[in-house]
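Okay, so here's the structure we're looking at.
The values are calculated or read from the model by the stated rules, or taken from the named source; none is laboratory data. Keep in mind that this is a model prediction, so the values were computed, not measured. Quick reminder, even Gly has a Cβ in these numbers, built from the backbone with ideal geometry, and neighbours come from all protein chains shown. The area values use the complete protein model at the heavy-atom level, side chains included, leaving out ligands, DNA and RNA. Shrake-Rupley method; radii C 1.70, N 1.55, O 1.52, S 1.80 Å.
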Amino acid sequence: MKQDVPLVRRFSTLEPYQEAYTLACSLETEGQGCWLTVSRTKAPDDPADTARTWVPAPEEECGRLLQFLYENSVQPELWQDVISCWYPQAEQAEHLQEGRRVV
């Protein structure tokens, strides 16, 4: 498994609209695809909100998708939906990777 350096973006507090937080996006190459991960932390002691999705595509293609997600600050709550727009098979592949049966 090969893991790239995460792309990190820091957001400031903008009262009353947003709290300060850090968004980190990363890619791990494994076999015939990649794991794309996003993590959002608000404070060093707080647990991170994280989403991880398997994309059955070449590393170069996964890298471009990760760059798109990073540049558009896609949050963990929307991560899977956005990836599934381009890779509908990503959700199915993720369930198979986790050992769950797809219905």
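List pairs: first residue in segment 61-75 and touching a residue at least 12 places away in the same chain (Cβ under 8 Å) and under 13 Å from Arg9 (Cβ atoms), second residue among the aliphatic types (A, V, I, L, M) and in a helix (DSSP H, G or I) anywhere in the structure, Cβ distance under 6 angstrom, at least six positions apart or on different chains. From segment 61-75, the pairs are Val74/Val82.
Is there a residue being in contact (Cβ under 8 Å) with a residue 60 or more places away in the chain, farther than 18 Å from Val74 by Cα and surrounded by 14 or more Cβ atoms within 10 Å (Cβ to Cβ) anywhere in segment 44-58?
Step one: of segment 44-58, the residues in contact (Cβ under 8 Å) with a residue 60 or more places away in the chain are none.
No, segment 44-58 contains no residue that is in contact (Cβ under 8 Å) with a residue 60 or more places away in the chain, farther than 18 Å from Val74 by Cα and surrounded by 14 or more Cβ atoms within 10 Å (Cβ to Cβ).
Summed over segment 10-20, residues that are part of a strand (DSSP E or B) and either within 27 Å of Tyr87 (Cα to Cα) or open to solvent by 70 Å² or more (accessible area, probe 1.4 Å) (or both) total 2. Of the candidates Leu27, Leu7, Leu23, the single residue that is more than 17 Å from Trp86 (Cβ to Cβ), open to solvent by less than 70 Å² (accessible area, probe 1.4 Å) and touching a Cys at 6+ places or on another chain (Cβ under 7 Å) is Leu7. Listed by first and then second residue, the pairs with beta-carbon distance under 6 Å, at least 6 apart or on different chains, first residue in segment 11-23 and within 21 Å of Leu69 (Cα to Cα), second basic (Lys, Arg) and part of a strand (DSSP E or B), are Tyr21/Arg40; Thr22/Arg10; Leu23/Arg9; Leu23/Arg40. Residue count for segment 65-85, restricted to those that are farther than 14 Å from Leu23 by Cβ and loosely packed, with under 13 Cβ neighbours inside 10 Å: 2.
What tally of residues in segment 30-43 results from selecting those that are assigned to a strand (DSSP E or B) and either open to solvent by less than 30 Å² (accessible area, probe 1.4 Å) or touching a residue at least 24 places away in the same chain (Cβ under 8 Å) (or both)?
9
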